[in-house]
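The values are calculated or read from the model by the stated rules, or taken from the named source; none is laboratory data. The model shown is predicted, which means the values in this text are computed figures rather than measured ones. Positions of Cβ are generated from backbone atoms using ideal geometry, with glycine treated the same way; all protein chains shown enter the neighbour counts.
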Amino acid sequence: MTRRHLGCAIAAVLAFVPWAPAFAQTERAAVGIEIDAAQAGPTINPNIFGQFAEHLGTGIYGGVWVGPDSPIPNVRGIRSDVVQALRAIKVPNVRWPGGCFADEYHWRDGVGPASERRHRLNASWGNVIEPNSFGTHEFMDFADQVGAEVFLSVNVGSGTVQEAADWLEYLTADQPTALAQERAANGHPEPYRIKYLGLGNENWGCGGAMSPEHYVEAMKQFAIYSRNLNRAQTGETAMQRVAVGWDSGDEDYTEAVMQAWKDKVWSWNIEGVSLHGYTIPNSWEAKGPSVGFGEDEYAKGIRATLKMEGWITAQTAIMDRYDPEKKLALFVDEWGLWADPMPGSNPAFLQQQNTMRDAVIAALNLNIFMRHADRVRGTNIAQMANVLQAMILTDGPRMVLTPTYHVYEMYVPFQGATLAASTFDAGNYTFEDISLPGVDAVAARDGEGRLWLSLVNVDVRSPRTFTARVAGADASAVGRILTAPAVDSHNSFDRPTDVQPASLAVRVLNGEVTIDLPPLSVAVIQVR
Ligand code: AHR
């Protein structure tokens with residue numbers, strides 16, 4: 001049964017008026033946040049807010065690609081509503097073409113005249129026809145329209161080193177090699193820019209079930225020969241190669257990759273190691289519903305998602321042993337809530353609804369990543385459209401923005417900001433035998449000197465009053481809040497704005513900022 005916190009009338013006006021506390025009569029726990037703005041932390045790499053788009057279900061076909069002849073408004077086949085929504089959240093990079101699909105993907109299938117492209121079965125995701133209408137040029141066009149860098153994953157599992165080398169040459173050669181000329185003949189004379197290159201994907205599982213030793217030997221070859229030949233990409237803009245690492249608790253790959261990196265010879269290098277970690281509320285076999293659940297599934301989902309902190313700490317500890325200078329980045333290039341597929345949907349399409357629980361999960365994970373910004377320099381939520389914890393859901397011409405999308409939109413100011421040290425007592429949120437931190441908070445300062453706070457009230461029953469002492473703060477503080485009446489409140493095609501941000505009143509007196517948060521809420525506060 002769904003637990004409700006606010007009356008329906010309040011929910012109906014959330015979108016239109018500043019949020020005002022509805023809990024004056026409820027005892028309100030106090031949370032004091034100490035912010036040491038003088039102690040500047042690491043830069044929050046904008047790539048922490050990256051996306052992942054796999055050829056899986058309707059993630060690409062329907063979600064991004066409708067084709068140039070579609071009645072759905074599009075630019076060269078790419079749907080305009082989706083591009084516009086993604087531009088608004090300043091997507092820093094998009095990882096493509098998978099996932100498991102990447103280790104079965106052959107790039108030549110997706111270049112050249114659309115009518116001649118090879119149809120294959122998508123064996124990873126339901127054996128549906130992969131028409132390859134969305135290939136290399138279409139993806140690069142999509143990233144360009146969104147304004148995002150690209151994160152390509154090459155096929156280590158079933159491809160060859162030569163195939164990956166050719167793909168990189170095709171994409172990046174700035175001299176008239178045969179492959180550069182083929183690229184030009186296919187419509188793009190200028191070399192593309194590839195910022196991130198994934199050397200395989202989950203090669204301990206769907207990417208070839210390789211032992212760590214086998215993977216490391218293969219990875220080194222791919223790292224050497226997948227050359228970026230675009231000479232404009234040097235220094236800060238140079239391509240970064242990301243090796244496969246940790247899988248939700250299994251550290252063998254990270255250990256093997258880092259050992260190899262420590263002992264490496266001059267001819268190869270990598271710039272990062274990945275971590276994949278999904279939030280599974282129950283078990284892999286029965287994960288639990290994505291909508292139509294109550295506080296028990298909410299509490300289990302939050303408990304599961306907080307494992308991310310331990311995973312990052314553990315992988316960082318391994319990396320620190322081999323790389324104390326933190327030269328290599330940790331890329332959490334797949335994460336998010338994985339629930340049971342929607343009833344009636346193709347189970348291989350991984351379609352799920354996205355609720356207020358997803359919003360809290362997104363905020364908690366983004367906060368964890370920001371706190372670890374010294375090592376975590378990129379993450380990719382799974383996935384961008386229509387798959388797993390999606391930003392965007394589409395149904396033919398209709399599009400809906402999810403609560404997760406709204407968290408990403410609210411968190412835009414944290415992109416490139418400097419983490420500020422903060423301490424607070426999170427207290428507790430308890431449901432039956434599950435006891436969790438009641439709140440979460442992160443503080444950061446942007447390039448214009450403004451302080452930003454992200455605040456999460458995980459508790460679904462008790463409001464919280466946050467106070468933060470900020471030296472020099474005057475009366476100028478504003479906030480935005482995302483909250484909803486139920487843990488599974490969501491936006492649907494018929495009711496697309498049930499969950500969306502509203503402005504939030506913030507009080508500032510004598511340098512003390514006071515914010516009242518209702519239960520089940522995410523807020524972002526700007527203090528001048
Ligand atoms: O995101 C769905 C799948 O999860 C990816 O294809 C794979 O890498 C992971 O197991």
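Numbers at a glance
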read-out: Any hit, the stretch 188-206, residues being in a loop (DSSP other than H, G, I, E, B), among the β-branched types (Val, Ile, Thr) and over 24 Å from Val257 (Cβ atoms); value: no
read-out: Condition check for Glu432: free of Cβ contacts under 8 Å to residues at least 12 places away in the same chain and away from the ligand (no atom under 16 Å from the Cβ); value: no
read-out: Residue count for the stretch 30-73, restricted to those that are more than 17 Å from Gln145 (Cα to Cα), surrounded by fewer than 17 Cβ atoms within 10 Å (Cβ to Cβ) and either within 16 Å of the ligand (Cβ to nearest atom) or over 23 Å from the mean Cα position of the chain (by Cα) (or both); value: 10
read-out: Total residues in the stretch 199-218, condition within 16 Å of the ligand (Cβ to nearest atom) and not aromatic (Phe, Trp, Tyr); value: 11
read-out: Flag if Ser435 is surrounded by fewer than 20 Cβ atoms within 10 Å (Cβ to Cβ), touching a Phe, Trp or Tyr at 6+ places or on another chain (Cβ under 9 Å) and closer than 27 Å to Asp296 by Cβ; value: yes
read-out: Evaluation of Met391 against (1) touching a Lys or Arg at 6+ places or on another chain (Cβ under 9 Å); (2) within 16 Å of the ligand (Cβ to nearest atom); (3) not polar (S, T, N, Q) (one fails), failing number; value: (1)
read-out: Matching option when the condition is among the aliphatic types (A, V, I, L, M) and over 16 Å from Val91 (Cβ atoms), among Leu388, Leu401; value: Leu388
read-out: Single residue of Gly396, Gly378 found to be surrounded by fewer than 24 Cβ atoms within 10 Å (Cβ to Cβ) and either more than 15 Å from the ligand (Cβ to nearest atom) or not assigned by TED's automatic domain parsing to the domain that holds Gly59 (or both); value: Gly396
read-out: Helices (runs of 4 or more DSSP H) (entirely within the stretch 263-375) containing at least 2 residues that are polar (S, T, N, Q) and closer than 24 Å to Val242 by Cα; value: 307-322, 356-371
read-out: Sole residue being within 16 Å of the ligand (Cβ to nearest atom), at positive phi and either of a type in the set (Phe, Trp, Tyr) or not assigned by TED's automatic domain parsing to the domain that holds Pro501 (or both), chosen from Gly147, Gly99, Gly157, Gly112; value: Gly99
read-out: Considering residues of the stretch 122-138 that are away from the ligand (no atom under 16 Å from the Cβ) and either hydroxyl-bearing (Ser, Thr, Tyr) or not in a loop (DSSP other than H, G, I, E, B) (or both) only, the residue farthest from Tyr192 (Cα to Cα); value: Ile129
read-out: Single residue of Gly479, Gly449 found to be in a loop (DSSP other than H, G, I, E, B) and either closer than 28 Å to Thr43 by Cα or of a type in the set (S, T, N, Q) (or both); value: Gly449
read-out: Of the criteria (1) within 16 Å of the ligand (Cβ to nearest atom); (2) outside any strand (DSSP E or B); (3) crowded, with 22+ Cβ neighbours inside 10 Å, which one Phe222 fails; value: (1)
read-out: Single residue of Ala421, Ala426 found to be in contact (Cβ under 8 Å) with a residue 40 or more places away in the chain, under 24 Å from Ala40 (Cα atoms) and in a loop (DSSP other than H, G, I, E, B); value: Ala426
read-out: Hey, Glu182 surrounded by fewer than 17 Cβ atoms within 10 Å (Cβ to Cβ) and touching a residue at least 12 places away in the same chain (Cβ under 8 Å) or not; value: yes
read-out: Residue match in the stretch 381-388 (condition: among the polar types (S, T, N, Q) and more than 16 Å from the ligand (Cβ to nearest atom)); value: no
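Here is a yes/no grid of residues against (1) assigned by TED's automatic domain parsing to the domain that holds Glu271; (2) of a type in the set (Phe, Trp, Tyr); (3) touching a helix residue (DSSP H, G or I) at 6+ places or on another chain (Cβ under 8 Å):
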position: His119; (1), (2), (3): yes, no, no
position: Gly126; (1), (2), (3): yes, no, yes
position: Pro131; (1), (2), (3): yes, no, no
position: Phe142; (1), (2), (3): yes, yes, yes
